[in-house]
Every structure is written in structure tokens, then in C-alpha cells.
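Have a look at the structure below, then the notes.
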Amino acid sequence: MPLNRANLPSIESYCESHGIQLVGRGQWRTGSCPIHGGSDSLRVNTSSNGWCCMSCGATGGNAVALHMAVTDLDFVGAAKDLGCWIEGDRPGARGPMPFSARDALTVLHADLHLIAVIVGDLRRGVLPAQADWDAFLAAASRVLHIAEVAR
């Protein structure tokens, strides 16, 4: 996963940048819980970057997990929000698909059905009309495109 750990904020710096004042000097510090609004129930571990709320029970292992809990973002969204997500940094990494999986399956269902009918006709020696042949070629092209993008 393209999480840039070098840009991952410590739990202390995350709390500071989000207005959560931490009290204490030891490994464990106390602050207000941004998830449920408790005044002194959030505990953060400055060594491991873990955190937990003694009141609402929320817990996590780093600033991304806390940001996810506070903002309801998913992992990638929270990491992007914090500036520690690298787009396409690794070989083979890809961005979001230009279409949803549901749309792809809908198109594939229709196109593969058309392709199966044309191939069945060809096996029986029936040549398709030019319009059917053009539809067959367009369907085959869409199927190949979806396969390449989803690969």
C-alpha cells in the first residue's frame, strides 16, 4: 500500500494540529476525545502512537486511525487528508477505475451475450449482417478495454 510513513504525523502532532491539548509528561498523555467530545478520556501513547478513549471505547494504532474515527473517512481518504498517501508510487500501482464495478459488469453482461450469439451463429455457418458484425467488434473492444483497465 502506498502509505508514506515518513509523512505520517505522530499522534502528538496530530492532536496538536487538531486542537487537542495533551496533558502529562510520561509515555501516556491525556486529552479530550474528538470522537465523542469527552473532556479527558482520550489516552495517547507517545512511544507507539496508539490511542484509546476510556469512555467511548474507540481505539487505534496511529494518527490515520484517529483521523478515520473523527472524520468517517476510509483509510485512503484519511491518509490523503493527512498528506501521507502516495499515488502511483510503486510499480503496478493504479489509480481509481474510470467506471464502477457495477457499470463494468452491466456492460460485460450485455456485450458477452452479444458476442456469444454471434460466435454461435458463426459456428453454425451463419454470417452476421454488417450492422451485427459492427456491434460484435464494438462489444469485443469494450470487453478488452474493461479487462485492461481492471487488470
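Observations on the structure shown:
- Members of region 92-151 that are open to solvent by 70 Å² or more (accessible area, probe 1.4 Å) and of a type in the set (D, E, K, R): R94, R102, D103, R123, R124, D132, D134, R142, E148, R151
- Residue pairs whose Cβ atoms lie under 6 Å apart, sitting 6 or more positions apart in sequence or on different chains, and linking a residue in region 132-151 that is over 18 Å from R102 (Cβ atoms) to a partner that is open to solvent by less than 70 Å² (accessible area, probe 1.4 Å) and in a helix (DSSP H, G or I), are F136/I118; A139/D111; A139/L114; A139/I115.
- When residues in region 75-89 are screened for being of a type in the set (D, E, K, R) and either at pLDDT 90 or above or within 15 Å of P9 (Cβ to Cβ) (or both), 2 of them pass.
- Strands (runs of 3 or more DSSP E) wholly inside region 1-79 that include at least 1 residues being among the aliphatic types (A, V, I, L, M) and either open to solvent by less than 40 Å² (accessible area, probe 1.4 Å) or touching a residue at least 24 places away in the same chain (Cβ under 8 Å) (or both): 42-45
The values are calculated or read from the model by the stated rules, or taken from the named source; none is laboratory data. Model, not experiment: these values are computed from the prediction. Cβ atoms come from the backbone with ideal geometry, glycine included; neighbour counts cover every protein chain shown. Keep in mind that these areas ignore ligands, DNA and RNA; they rest on the heavy atoms of the full protein, side chains included. Shrake-Rupley method; radii C 1.70, N 1.55, O 1.52, S 1.80 Å.
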